[in-house]
Every structure is written in C-alpha cells, then in structure tokens.
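First the structure, in the form of structure tokens, and then the observations on it.
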There are 2 protein chains.
Amino acid sequence: MIKLDFSKAGGLIPAVVQDYKTGEVLMLGFMNQEAWEATLSTGKATYYSRSRQELWVKGKTSGNMQLIKEIRIDCDNDTVLLKVEQIGGAACHTGHKSCFHKKVDHESVKVIGRPVFDPEEVYNK
Amino acid sequence: MIKLDFSKAGGLIPAVVQDYKTGEVLMLGFMNQEAWEATLSTGKATYYSRSRQELWVKGKTSGNMQLIKEIRIDCDNDTVLLKVEQIGGAACHTGHKSCFHKKVDHESVKVIGRPVFDPEEVYNK
C-alpha cells in the first residue's frame with residue numbers, strides 16, 4: 001500500500017478531483033486512511049465526510065460515482081489528485097458539473113453555467 | 001470583501017492552483033483570512049505556510065510568483081480554485097512544473113517529467 005502523510009490535518013488529506021478528459025477541476029474532498037485504501041481497492045473515489053463524520057463513497061446516493069482513471073501524489077505525500085470519469089456529468093450536489101461554479105468578479109461572485117441535473121429529482125427520489 | 005468559510009479546518013481553507021492556460025493542477029496551498037485578502041488585493045497568490053506558521057507569498061524566495069488570472073469559489077465557500085500564470089514555469093520546490101509529479105502505478109509510484117529548474121540554484125543563491 002502506498003503511504004501518505006495523514007498527520008498534518010487531523011488525519012485528513014485533501015483530494016483534488018479533475019475530469020480526466022477536459023482537466024476541469026470538479027471538486028475537492030478529504031480522505032482519511034480508510035477512504036484512501038477504499039479508493040485504491042475499488043477504483044471509485046471515496047472520501048471522508050467532515051460534516052457527517054463517516055466514509056463517503058461519492059455518488060452512492062445520486063448514482064454519480066467517480067471512476068478513477070489516474071492518481072497523482074504531490075511532492076510532500078500529503079495531497080492527492082484524482083483524474084476521474086464523472087458518471088452523470090456532474091460532481092456538485094447543486095447539479096452543476098463542477099463545485100467551482102462561482103467566479104470572483106471584482107467585489108462580487110457570479111455563477112458560471114447551469115446545473116446538469118435537478119438536485120431535487122436526484123436526491124429526493 | 002467576499003466572505004469564505006474559514007471555520008472547518010482551524011481557520012484554513014484549501015486553495016487548488018491550476019495553470020490558467022493548460023488546466024494542469026500545479027499545487028495545493030492553504031489560506032487563512034489574511035492570505036485570502038492579500039491574494040485579492042495584490043493579485044499574487046498568497047498562502048499560509050502550515051510548517052512555518054506564517055504568511056507565504058508564493059515565489060518570494062524563488063521569484064516564481066503566481067499571477068492570479070481567475071478565482072473560483074466552491075459551492076460551500078470553503079475551498080478556492082486559483083487559475084494562475086506561473087512565473088518561471090514551475091510551481092514545485094523540487095523544480096518540477098507541478099507538485100503532483102508522482103503517479104500511482106499499481107503498487108508503486110513513478111515520477112513523471114523532469115525538473116524545470118535546479119532547486120539548489122534557485123534556493124541557495
């Protein structure tokens with residue numbers, strides 16, 4: 001098993017998630033050791049939910065899983081970069097393709113693009 | 001001033017840094033409120049160094065600054081994405097263009113690409 005440094009932020013490391021084809025940054029999640037091992041062994045992006053304090057297989061509720069195409073590790077072994085195929089075309093719970101859909105424009109923030117799906121349909125079915 | 005949620009990880013939020021032209025993910029840094037404000041006001045990526053526990057203007061030592069071209073904020077206002085022009089062509093202290101130059105290959109890790117500069121020349125001059 002490839003070892004990462006989980007010591008710096010309470011046992012969690014950030015995982016940057018990028019569309020493997022377009023390079024668009026889709027989201028950032030956190031992983032503990034268990035999430036990292038699950039991601040490696042299943043090939044599906046698995047995080048640790050800080051709000052729910054539990055292992056979180058991305059897409060388990062919505063069906064919008066992230067299939068791992070490539071994994072990079074940074075120079076300090078304390079951050080990972082996942083290149084994924086995003087099932088359903090959207091990573092964000094708002095229905096937007098990317099969680100980073102708000103752009104800083106001078107002193108304000110503008111929403112870029114439109115949701116790919118309707119969150120009410122996906123999460124309340 | 002655009003407000004971010006600094007409450008979740010001891011006053012720090014992750015900042016994903018992407019080459020504004022190629023989309024390559026260069027590094028991940030952390031920001032506190034002061035670093036965020038400095039980034040907005042100066043147009044140069046500024047982080048909080050967790051190891052040195054101080055404000056860190058990226059490139060202050062090496063000259064390899066990051067000029068801000070665009071800033072995105074995520075759905076929860078707790079992560080930012082910086083699209084930057086990387087002066088000197090490399091973001092990593094190892095001399096590699098990206099800090100994410102180690103690729104997971106089955107059970108091992110392979111270094112991708114070669115350093116753009118010699119760290120000894122840049123940091124020990």
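Values quoted throughout were computed directly from the atomic coordinates according to the rules given, and no laboratory measurement underlies them. Treat the numbers as computed from the prediction; the structure is a model and nothing was measured. Methodologically, a virtual Cβ is constructed for each residue, glycine included, from the backbone with ideal geometry; neighbour enumeration extends over all protein chains shown.
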Inset, instruction - Can you check what the net charge comes to around A:Ile71, using other residues whose Cβ is under 15 Å from the Cβ of A:Ile71 (Lys, Arg +1; Asp, Glu -1)? - result: +1
Inset, instruction - Quick one: order B:Arg114, B:Arg50, B:Arg72 by neighbouring beta-carbon count within 10 Å, fewest to most. - result: B:Arg114, B:Arg50, B:Arg72
Legend entry - For chain A, share of DSSP beta bridges that run antiparallel, in % to the nearest 5: 80
Legend entry - Closest approach to the B/A rotation axis among chain B Cβ atoms, residue and whole-Å value: B:Gly23, 2
Legend entry - Reciprocal mean inverse distance between Cα atoms of the stretch A:1-116 - Kirkwood radius, Å: 14.7
Legend entry - Neighbour-count order for B:Cys92, B:Cys99, fewest beta carbons within 10 angstrom listed first: B:Cys92, B:Cys99
Inset, instruction - Using just the alpha carbons, could you tell me how many Å³ per residue the convex hull of the stretch B:60-125 encloses? - result: 127
Inset, instruction - Between B:Leu55 and B:Val109, take the C-beta separation as r, use R0 = 35 Å, and let me know the FRET efficiency to the nearest 0.05. - result: 0.65
Inset, instruction - Specify the angular offset, from 0 to 90 degrees and rounded to the nearest 10, of the alpha carbon long axis of helix B:33-42 from the longest principal axis of the alpha carbons in chain B. - result: 80
Inset, instruction - Report, in deg cm²/dmol and to the nearest 500, the calculated mean residue ellipticity at 222 nm for chain A, where each DSSP H run with n ≥ 4 adds -39500 (n - 2.57) and the sum is divided by the residue count. - result: -3000 deg cm²/dmol
Legend entry - Least to most buried among A:Asp74, B:Asp5 (fewest other Cβ within 10 Å first): B:Asp5, A:Asp74
Inset, instruction - For the stretch A:50-90, build the convex hull from the C-alpha positions and give me its volume per residue in Å³. - result: 93
Inset, instruction - Shielding by partners for A:75-83, please: the mean number of other protein chain Cβ atoms within 10 Å of each residue's Cβ. - result: 5
Inset, instruction - Put a label point 7 Å from Cα along the Cβ direction on A:Thr22, then list its distances to the equivalent points in the other copies in nm, shortest first. - result: 2.1
Inset, instruction - Run through the other copies and list how far each one's label point is from that of A:Arg52, in nm with one decimal, shortest first; the point sits 7 Å from Cα along Cα-Cβ. - result: 4.0
Inset, instruction - Distances from A:Phe6 to the same position in the other copies: list them in nm, one decimal, shortest first, using label points 7 Å from Cα along Cα→Cβ. - result: 2.9
Inset, instruction - Treat each spin label as a single point 7 Å out from the Cα along the C-beta direction, and report the A:Asn77 to A:Lys21 distance in nm. - result: 3.6
Inset, instruction - Provide, in order from the shortest bin, the percent of all Cα-Cα pairs of the protein assembly as shown in each 5 Å bin, continuing until the bin that contains the maximum pair distance. - result: 1, 6, 13, 18, 20, 18, 13, 7, 2, 1, 0, 0, 0
Legend entry - Alpha-carbon centroids, the stretch A:68-116 and the stretch A:1-39: separation in whole Å: 13
Legend entry - Whole-number percent relative contact order across chain A, with pairs defined as alpha carbons under 8 Å at least 6 apart: 22
